[in-house]
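The block underneath contains the structure these notes are about, expressed in structure tokens.
The values are calculated or read from the model by the stated rules, or taken from the named source; none is laboratory data. Bear in mind that the values here come from a model prediction, so they are computed numbers and not experimental data. Reconstructed Cβ throughout: ideal geometry from the backbone, glycine too, with neighbour counts over all protein chains shown. The accessibility values were calculated without ligands, DNA or RNA, using every heavy atom of the protein model including side chains. Shrake-Rupley method; radii C 1.70, N 1.55, O 1.52, S 1.80 Å.
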Amino acid sequence: MQTALEFQPLRLPEPVQHLRAEVRDFLQSEIAAGTFDPDAPFTDWAVHKAFAKKVAARGWIGMTWPRSYGGQERSFLDRYVVNEEMLIANAPNEVYFTADRQSGPTLIKFASERIKSEVLPKIIAGEACFCIGMSEPNSGSDLFAAKCRASQTDGGWKINGSKIWTTNAHRSDYMIGLFRTSAPTAENRRHGLTSFLVDMKAPGITCNRIDQMSGINDFNEVVFDDVLLPDDQVIGEVDGAWKQATTELAYERSGPERFLETFIALRQLVKVAGPSPDPQLKRAIGRLVADVHALRRMSVSVAGMLEAGREPVAEAAIVKDLGTIWEQELPQRVREATAFLPRDAEAYADFETALHFTMRFAPKLTIQGGTTEILRGVIARGLGLR
Amino acid sequence: METDTIVLASAERLFADVADIQSILAAKDDSWKPRLWGGIEETGLNIAGVPEALGGVGLGLADCLAILKVAGASAVAVPLAETMMAGWMLGAAGLELPAGQVAFGPSAFGDRIKLGDDGLLSGRIERLSFARECGCVALLAEGASGLQVALVDLALADIQAHENLAYEPADTVVFSTVRSMAHAVAPVGFALQTTLLIGAAARAMQTAGALEKLLAVTAEYVTQRRAFERPITKFQAVQHSLAQLAGEVAVSLSAAASAAEALESLTAQGRGFADPELCLEIMSAKIRTAGAAQKGAAIAHQLHGAIGVTREHILHRLTLRVLAWRDDYGNESQWSEYLGDIVCSGGEEALWPLLAIR
């Protein structure tokens, strides 16, 4: 049983904070130049594409990766602060975000040499957008129920079936997808799934857009009809994808995007509250700030564990569980805090836009990347309960 | 071994030997209390934060707080935290810590202590933990020419006994023109809220330690308990409740450790107690651990069922204490208002830079 949890109070080193200042300067000049609007809920994809090139030029994509593939072998903490500043500024980072966070690291660990030398430099240049093909119409949290098939054919694999809720599939260059290559065995129901790199321009792929209640329209159903993949696009072990996920999940679950997605609601709250609001409003703001600070310190501490080469699986799941529930509640608590504010304040239009937008997309925060229920199972396993 | 590791190890041993929660519950009387305090003085825990030049161990605040985490896990019911903080504050002002148990104030937001040039002191302190069991109190007082650290004999005070949620003394103490035993100008950087901030950091750490123990006790119980012909850990509802408890424990441990590190390193850099970064760290830890106490205690009781609410069970020694500590040295509403004030007066542009500073 493991009930002793330890979170070292990591202080980000000076050079890392210097990098933060650099990123801030860059973002401020981009905002000043009108490249993007930090208060706008939506930004055109063309802006995302142009922005990715600019970030790439600064060397901030794939910055932790090996030099041999164009990376800089910088620390994970460097990546952490770049990510934080991008999130806070609401920067248009969608072209490279997924690839930088998880697809690239997965390729580095498990892909063939040809794929690594061909694809990683494109990611680092801000030219390759990735999507993740996990969920299917009948398999969401239960990943191992995936049915979308990859069957062996001459010199490669043929894919048939469909994936769903695939963010940005319609504008991605690549997908890392999980496909069924064998039936599960009686002893191991996780057996029989294989990861592949899919070229999204390959013949036989159709992306059907699915619009969301938030107005964000990046979901897709991806249909595969006899899509051919060469042999060396298998990522890792055939039938053994279940062995490959652990550390990546800790990176994916403990980052600042797990508690800062709706931060704009808090920033807008402080703006409409003004310098000396009534005590009730001060208390609400103070409590929210106390919460987000505590979450951030825990997330930074987990980043330090990852940097030190540990595998904080349960700790990362805790960050995501507490963080996503908090960021989901945030706009609701902001609404409650401002119930008695006069609505004629000049800042109110931006405030209401932020509040409505965050409330509309907040429900998915505790679903994507591992639901609350799945995370609590992971934590319980870490405690030795299952 | 370093001094801090040696002291921490002896604290752990002492609490296990003399302050075992189950043995204390079974005890017929309070004779364990003087035995525990004797052990504390013998191992020097009371003088952990007193400078070596004044006869103490000379540990920094972060190391003192690490000891309090262990004390929290043992639900130690003597004024160790208070005496330790008193020793640190007196020492910082160049004053000696007397033997015995010493209270530490002001302990509530409304407290005001005035110290005249004539050395006479007046004022009122609320919720002063263990006051009636202590010989004297270390106070931060307002003098004519600035803040003063003073040591005052509690025999000269009018003490109105109050009990906190955990059945411990949380007394109201009134001084009407009494002479201090010793006083000195408060160190540079001290502010009116200094004792509240140090006390808040201590309570946050004690809470984190107690919650960690609560998680261990609860995890063990649900592993052993069977219902519906299986261990109750097989039920997903039970697993998820315990996972939530672990989350509250994790965020408390992280916040309290972060505040302790900030308290030591920022004061070492010469930053004062009004420093926004220091305030954010400590206030956040106090506010968040108080929230965790409430949620964590509820989950631990729910998972234990009826046995957990009995007097014989150790659970209440932990749950009632973490709940009571929420009210000491500023409750979460008061600190939230204080923190909200700092944030609002800084404005929206200053919020993220403040959060990202560490």
- Query: Under the classification rounded if a/c is under 1.5, otherwise prolate if a/b is larger than b/c and oblate if not, where does region A:132-243 fall, given a ≥ b ≥ c as square roots of the Cα gyration tensor eigenvalues?
  - Reply: oblate
- If R0 is 30 Å, what FRET efficiency do you get for A:Ser112 and A:Ala183 from their C-beta distance, rounded to 0.05? 0.70
- Message: Loop only by DSSP, 11 or fewer other Cβ within 10 Å of the Cβ. Give me the trypsin sites (Lys or Arg not before Pro) in region B:6-51 that pass, ordered by residue number.
- Response: B:Lys28
- Task: For B:Gly143, enumerate residues with amide H under 5 Å from its amide H, sequence gap 5+ or separate chain, H modeled in the peptide plane.
- Result: B:Leu115, B:Gln148
- Between the chain alone and the structure with every protein chain in place, find the residues of region A:271-300 that drop at least 50 Å² of accessible area; heavy atoms, 1.4 Å probe. A:Lys282, A:Arg283, A:Arg287, A:Val289, A:Ala290, A:His293, A:Ala294, A:Arg296, A:Arg297
- Label-point separation in nm, A:Ala245 to A:Ile210, each point 7 Å along Cα→Cβ: 1.8
- region A:185-202 - phi-based ³J(HN,Hα) in whole Hz, Karplus 6.51/-1.76/1.60, Gly and Pro as x: 9, 4, 7, 9, 6, 7, 5, x, 10, 10, 8, 10, 8, 10, 7, 5, 8, 5
- Calculate, for A:Glu73 and B:Ala184, the FRET efficiency according to 1/(1 + (r/R0)^6) with r their C-beta to C-beta distance and R0 60 Å; round to the nearest 0.05. 0.65
- Message: Along the charge dipole of region A:126-273, pointing to its positive end and built from +1/-1 on Cβ of Lys, Arg, Asp and Glu, which listed residue (A:Gln244, A:Thr153, A:Met200) has its Cα farthest out?
- Response: A:Gln244
- Item | Centre separation in Å (Cα based) which lies between region B:305-358 and region B:1-68 | 25
- Once phi is turned into θ = phi - 60°, what whole-Hz ³J(HN,Hα) does the Karplus curve with 6.51, -1.76 and 1.60 give for every residue of region A:69-79, x standing for Gly and Pro? 10, x, x, 10, 6, 7, 6, 5, 5, 4, 4
- Residue-level accessible surface for A:Leu12, protein heavy atoms, 1.4 Å, Å²: 10
- Report, to the nearest whole %, how much of the accessible area of chain B belongs to carbon and sulfur atoms, 1.4 Å probe, protein only. 51
- Message: Between helix B:194-224 and chain B, what is the angle of the helix's C-alpha long axis to the longest principal axis, kept within 0 to 90° and rounded to the nearest 10?
- Response: 10
- When each of A:Lys49/A:Lys158; A:Lys109/A:Lys163; A:Lys109/A:Lys243; A:Lys122/A:Lys201; A:Lys147/A:Lys201 is checked by Cα-Cα distance, pairs over 19 Å: A:Lys49/A:Lys158; A:Lys109/A:Lys163; A:Lys147/A:Lys201
- Part-to-part distance (alpha-carbon centres) for region A:276-320 and region A:248-271, which is given in Å: 9
- Backbone HN-Hα couplings from phi across region A:138-148 [Karplus 6.51/-1.76/1.60, Hz, Gly and Pro as x]: 10, 8, x, 4, 7, 3, 6, 8, 4, 10, 4
- Note on the structure: For B:Ala182, the residues 5 or more places away or on another chain with a placed amide H closer than 5 Å to its own amide H are B:Leu151
- Helix-only [θ]222 nm of chain B, DSSP H runs n ≥ 4, -39500 (n - 2.57) each, per residue, nearest 500: -17500 deg cm²/dmol
- Just grab the label-to-label distance for B:Ala144 and A:Ala4, each label 7 Å out from Cα along the Cβ direction, in nm (one decimal). 5.6
- Sites excluded, GluC sites (Glu not before Pro) in DSSP loops with at most 15 other C-beta within 10 Å, longest stretch of chain A: A:74-186
- Item | Top of B:Ser254, B:Ser31, B:Ser176 by mean-square fluctuation, Gaussian network on chain B, Cα under 10 Å | B:Ser31
- Query: For region B:194-355, with every protein chain kept in place, what is the accessible area per residue (1.4 Å probe, Å²)?
  - Reply: 32
- Query: Measuring from a point 7 Å past the Cα of B:Ser333 along Cα-to-C-beta, which residues in region A:268-301 have an amide N at less than 11 Å?
  - Reply: A:280
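Which of the three applies to region A:14-128, rounded, prolate or oblate, going by the alpha-carbon gyration tensor with a ≥ b ≥ c and a/c under 1.5 meaning rounded? Walk me through the intermediate numbers first.
Numbers: a/c = 2.30, a/b = 1.47, b/c = 1.56.
It is oblate, given that a/c is not under 1.5 and a/b is not larger than b/c.
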- Message: When a/c reaches 1.5 or more, the comparison of a/b and b/c decides; with that in mind, is region B:194-355 rounded, prolate or oblate per its Cα gyration tensor?
- Response: prolate
- Item | For region A:200-241 and region A:74-96, distance of Cα centres in Å | 26
